[in-house]
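Everything on this sheet refers to the single structure shown next.
The values are calculated or read from the model by the stated rules, or taken from the named source; none is laboratory data. Just so it is clear, the structure is predicted and the values come from calculations on it, not from any experiment. Cβ placement follows ideal geometry from the backbone for every residue including glycine, while neighbour counts extend to all protein chains displayed.
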Amino acid sequence: MPSPRLTYDPGNRNDRVRGMRARSRVGGTLRLAAVFLLLVGINVYVFFFRDNTSIKSAMRAGSIHGKKLAKAAEAKGEAKGAAKGGVSEKAAAAAADTPAVDDGSLVVRGRMKGHNGLFAALAATKLDSKEVAAVVKALRGKLDMRALKPHHTFESRLDPATHKLRRFSYRVSKLLSVVVERRADGTLVGRRLEQKLDTRLMRVAGRISGSLTASLAKIGVSGAVAARLLHLFGWDIDWYHDPRPGDVFKVVIERQFLKGKPFGYGRILAAEYSGKVAGRHRAFYYKPRGKNAKGDYYNERARLIRRQFIKTPLYHYRRISSRFHHRRFHPVLKRRKRHNGVDFAAPPGTPVVAAADGVVLSAARAGGAGRAVLLQHKGKIVTQYFHLLRFARGIRAGRKVRQRQVIGYVGSTGLATGPHLHYGMKIRGRYVNPLRMHIPQGRMLPLPERARFRRVAHKLARELSGITVASR
Ligand SMILES: [Zn+2]
């Protein structure tokens, strides 16, 4: 998930006074950290669940292979590792597709960049064309040739005397390489080399005295995690007005390790924010039974935390340049015209996301609207995104989109004085102000799932309660 830029430009003063109320409802999530006050007295408690914790089995959270280690030592290692994550990740990945012993091979490295396909990229190395053909053949069925990216790297190991290939490895990601090796009989055989991540549960807690993002960063937790928390509670907490110094947050999250080194974060399993003004909010990850069921976050009363519509269909924006007006002077047409939407000023290229799950009605040039995307949602609601620089990949009529999926990028096509997103919403054919629309609460978990949910949530709630935060 791209992390929102958490600064915000208050815009002109009139706008500010007029728009305080609406603004607070709008982009709280996005601008929070600028505002989320600094963390005073961060108290961090990082430790891991023991192997036999019942939570672990209850959650069935993928591949959780915990290791019994002294708590203190583990916590220390974790904090240290998180701080230098970049380095250790690289080292771990390099080890993944390189033979442990230096066999005296002539090593040639390359990347896909600037080449038309793997064949051309390989031909630019010291491999002769026969070898290239053999490698490409051995990769068939092991490597998805349509999914090759310019940043992918590969490495050939050649016999220094004969220049015959000994081993070829193509690195798709930190976790996946495809390796071609020469067998004793001289044939080249390919295989996929997948790295397994170990996942352990980590508990983190702190007290607000600054920005949540900054405070989490101080304890080695990435900004991406902070962004997820902002999104998660952005439905219920007004990040602009509600936080107070001393408010407490707690998170139970999956920490991933690659060969013992910190790698990244998995799911947030439970989170809590309790504040003087915000009140107490808890979120629990729950995946209903059934093959196609998707996990999501629910509150203590089994209600979905996510709502149908997000408040601002931009990851970050500078300011609201024009609000919903029944009549306003149009800067380009030089006459009064109804403004059926809200304009968000944003730098060109800023990703625009779908405000809700839906289907693309159209993605095309539409006169004054410029490049425009129209989405159809449940409840006879249509959302409109105008003046786009370009559409996101795969956005065309009939395609399904998910909430927060990128559908295009901010531009100034059509009748526009500068780069901005015009965001409009129609309910049963009538324009409404998307900033003032009451966004209904999320739906309840279906009845047959609730008993099981309560058991899972109860255990997670106890874990949250068990995390102690020192008083200030
Ligand atoms: Zn507009």
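For the reader, a short list of remarks on this structure follows.
- Looking only at the range 429-465, residues that are touching a residue at least 24 places away in the same chain (Cβ under 8 Å) and within 24 Å of Tyr286 (Cα to Cα) come to 21 in all.
- Tabulated pairs, the range 231-256, first without any contact (Cβ under 8 Å) to a residue 60 or more places away in the chain and in a loop (DSSP other than H, G, I, E, B), second surrounded by fewer than 23 Cβ atoms within 10 Å (Cβ to Cβ) and of a type in the set (D, E, K, R), C-beta under 8 angstrom, 6+ apart or interchain: Asp247/Arg207; Asp247/Lys276
- Qualifying residue in the range 157-169 (condition: touching a Gly at 6+ places or on another chain (Cβ under 6 Å), assigned by TED's automatic domain parsing to the domain that holds Val107 and of a type in the set (A, V, I, L, M, F, W, C)): no
- Within the option set Gly442, Gly429, being at positive phi and either at pLDDT 90 or above or crowded, with 17+ Cβ neighbours inside 10 Å (or both) holds for one residue only, Gly429.
- Filter result for Ser362 (more than 15 Å from the ligand (Cβ to nearest atom), at pLDDT 95 or above and assigned to a strand (DSSP E or B)): yes
Residues checked against (1) surrounded by fewer than 18 Cβ atoms within 10 Å (Cβ to Cβ); (2) closer than 23 Å to Leu464 by Cα; (3) under 20 Å from the mean Cα position of the chain (by Cα); (4) not acidic (Asp, Glu):
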residue: Ile208; (1), (2), (3), (4): no, yes, no, yes
residue: Leu229; (1), (2), (3), (4): no, yes, yes, yes
residue: Gly234; (1), (2), (3), (4): no, yes, yes, yes
residue: Pro245; (1), (2), (3), (4): yes, yes, no, yes
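- Matching residues, the range 366-384, being farther than 13 Å from Ala416 by Cβ and either at pLDDT 95 or above or part of a strand (DSSP E or B) (or both): Val373, Leu374, Leu375, Gln376, His377, Ile381, Val382, Thr383, Gln384
- Meets criteria (within 16 Å of the ligand (Cβ to nearest atom), modelled with pLDDT under 90 and in contact with an Asp or Glu (Cβ under 8 Å, 6 or more places away or on another chain)) for Arg336: no
This table checks each residue for (1) more than 13 Å from the ligand (Cβ to nearest atom); (2) surrounded by fewer than 17 Cβ atoms within 10 Å (Cβ to Cβ).
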residue	(1), (2)
His387	no, no
Val401	yes, no
Val410	no, no
Leu421	no, no
Met437	yes, yes
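- Neighbours by Cβ (under 6 Å, 6+ apart or cross-chain): first from the range 403-424, in contact (Cβ under 8 Å) with a residue 40 or more places away in the chain and closer than 16 Å to Ala392 by Cα; second more than 13 Å from the ligand (Cβ to nearest atom) and hydroxyl-bearing (Ser, Thr, Tyr): Val410/Thr350
- Selected residue (only one of Gly295, Gly260, Gly279 is modelled with pLDDT of 90 or more, surrounded by fewer than 16 Cβ atoms within 10 Å (Cβ to Cβ) and under 21 Å from the mean Cα position of the chain (by Cα)): Gly295
- Complete set of residues in the range 152-165 that are surrounded by fewer than 20 Cβ atoms within 10 Å (Cβ to Cβ) and over 15 Å from Ala120 (Cα atoms): Asp159, Pro160, Ala161, Thr162, His163, Lys164
- Test: Leu415 is surrounded by fewer than 18 Cβ atoms within 10 Å (Cβ to Cβ) and within 12 Å of the ligand (Cβ to nearest atom): yes
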